[in-house]
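The next block holds one structure in the form of structure tokens; read it before the comments.
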Amino acid sequence: MSTSNPPFRVIVVGAGVTGLVASHCLQKAGIEHIVLEKRNHVAPPEGASIAMYPHGARILHQIGCLEAIKAACVPCDRWLVRQSNGKEIMDNGFFRHLEDNHGSGLLLLERREFLQILYDHLPDKTPIRTGCGVKSIKHTTSGVEVTLNNDQIEIGDMVMGCDGVYSLTRSIMWEYANKTTPGLITAREKTTMKTAWKSLLGVAPMVPELGERNMTVVSNDGYSFLALSQPDRVYFFFIFRVDKPFTWPKRVAYTDQDAEALAESVADHPISDSMVFGELWKKRLRGSLVNLEEGVLDHWHAGRIVLVGDSAHKVCTQISRKAAHGIF
Ligand SMILES: Cc1cc2nc3c(=O)[nH]c(=O)nc-3n(C[C@H](O)[C@H](O)[C@H](O)COP(=O)(O)OP(=O)(O)OC[C@H]3O[C@@H](n4cnc5c(N)ncnc54)[C@H](O)[C@@H]3O)c2cc1C
């Protein structure tokens, strides 16, 4: 009779950007794991673009995805800044300098395309299980027990919480931490994730006014417009302050009507010398209104649970901060 122990097993919660990259890394290291994703698809048609700076490109190279990512997009070229009346006040080759100095420019593609490439390039896809929402996690004497929404139980040695900014894994980790070390996770830390900004975001067909591979920024008091273009499309973000900033556990969702009303309120704002935002919004292929949370936790692990990605640290675009301070 064999007396060998089962292999060390990691249970990853969430198959977003971090969860899929975790699977690549665990596969390279030969560590047994599963990735549980509540959505039915790894690459849902949600969100707008994801942009990768050189340090991200380095990781993508190490996991064998960089060539496919590069083939799917055109590196950005110029960075334009415009006043609130649309008049250009800066035009430079920032992204070319980035490539010259760091070996890779800004790689820009739609989030769902990015996720699909990460998935397609996994050496083994069997660890990824979609339609598997996690509802509870329990420490046992020798490991962890993870219960799915359908009451199925997965047993492992540790949990990696890659489940985003509203992480359930994080809430469970906090409870465990405060039970084993009372007072470790303070109310201050629990309210670290703040929402002070929201963004209308979307994808539209390419418009000549925003170029084929440019980043355009237009700012004024309390808002900032950002567009990143590719030869066939433009990703856009119209960033606003929320009326009243709030923190976890409060969560606010927006409807299509909310997005429409906000877009209407800035429809006449110039985004170039010859175009207003309303024209771009009208042409959109997809668009929605989302919150932009930001915060960095002090504690990223407790017991057999570790947090990775947005569940532990989420940074908001610097563009909105700069707009708030009137830098542009
Ligand atoms: C729908 C969506 C659209 C986004 N759009 C953009 C964008 O346009 N531009 C941009 O810069 N960033 C966007 N982001 C955020 C961006 O993906 C993250 O900031 C960043 O890539 C870090 O990724 P992450 O894997 O830590 O978290 P996320 O990308 O948020 O992934 C978390 C994953 O965990 C899953 N999950 C959550 N709870 C559970 C649970 N209980 N059980 C199982 N699975 C669970 C979610 O379905 C999701 O797939 C978006 C995120 C989401 C979820």
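Of the residues making up the stretch 251-268, those that are touching a Ser or Thr at 6+ places or on another chain (Cβ under 8 Å) and more than 21 Å from GLU279 (Cβ to Cβ) are VAL252, TYR254. Which of the residues spanning the stretch 238-276 are of a type in the set (Ser, Thr, Tyr) and either under 27 Å from the mean Cα position of the chain (by Cα) or more than 28 Å from GLU88 (Cβ to Cβ) (or both)? THR247, TYR254, THR255, SER265, listed by residue number. In the stretch 17-33, the condition of being farther than 17 Å from HIS121 by Cβ and in contact with a Ser or Thr (Cβ under 9 Å, 6 or more places away or on another chain) is met by no residue. Only strands (runs of 3 or more DSSP E) whose full extent lies in the stretch 139-242 are considered here, and the ones with at least 3 residues that are crowded, with 19+ Cβ neighbours inside 10 Å, within 16 Å of the ligand (Cβ to nearest atom) and not aliphatic (A, V, I, L, M) are 194-205, 223-230.
Exactly one residue among PRO123, PRO44 is modelled with pLDDT under 95, surrounded by fewer than 19 Cβ atoms within 10 Å (Cβ to Cβ) and either β-branched (Val, Ile, Thr) or under 30 Å from MET173 (Cβ atoms) (or both), and that residue is PRO44. The set of residues in the stretch 243-266 that are in a loop (DSSP other than H, G, I, E, B), within 16 Å of the ligand (Cβ to nearest atom) and of a type in the set (A, V, I, L, M) comprises VAL252, ALA253.
Conditions (1) surrounded by 14 or more Cβ atoms within 10 Å (Cβ to Cβ); (2) away from the ligand (no atom under 16 Å from the Cβ), marked per residue:
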position: ALA22; (1), (2): yes, no
position: ALA51; (1), (2): yes, no
position: GLY56; (1), (2): yes, no
position: ILE63; (1), (2): yes, no
position: ALA68; (1), (2): yes, yes
position: ALA71; (1), (2): no, yes
position: GLU88; (1), (2): no, yes
position: GLY93; (1), (2): no, yes
position: GLY105; (1), (2): yes, yes
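Listed by position, the helices (runs of 4 or more DSSP H) enclosed by the stretch 1-120 that each have at least 1 residues that are touching a residue at least 60 places away in the same chain (Cβ under 8 Å) and closer than 24 Å to ALA312 by Cα are 17-28, 111-120. Of all residue pairs spaced 6 or more apart or on separate chains, those with beta-carbon atoms under 9 Å, a first member in the stretch 278-289 that is farther than 17 Å from THR255 by Cα and a second member that is of a type in the set (Asp, Glu) and assigned to a helix (DSSP H, G or I) are GLY278/GLU264; GLU279/GLU209; LEU280/GLU209. Among all residues of the stretch 264-278, there is none that is surrounded by 16 or more Cβ atoms within 10 Å (Cβ to Cβ) and of a type in the set (Asp, Glu).
Across the stretch 121-138, the number of residues qualifying as farther than 22 Å from HIS301 by Cβ, assigned to a loop (DSSP other than H, G, I, E, B) and more than 10 Å from the ligand (Cβ to nearest atom) comes to 6. Evaluated against (1) in contact with a Phe, Trp or Tyr (Cβ under 9 Å, 6 or more places away or on another chain); (2) crowded, with 20+ Cβ neighbours inside 10 Å, VAL134 falls short on exactly one condition, (1).
The values are calculated or read from the model by the stated rules, or taken from the named source; none is laboratory data. Because the structure is predicted, anything quoted here is derived from the model rather than measured. Heads up, the Cβs are rebuilt from the backbone with ideal geometry, glycines too, and the neighbour counts pull from every protein chain shown.
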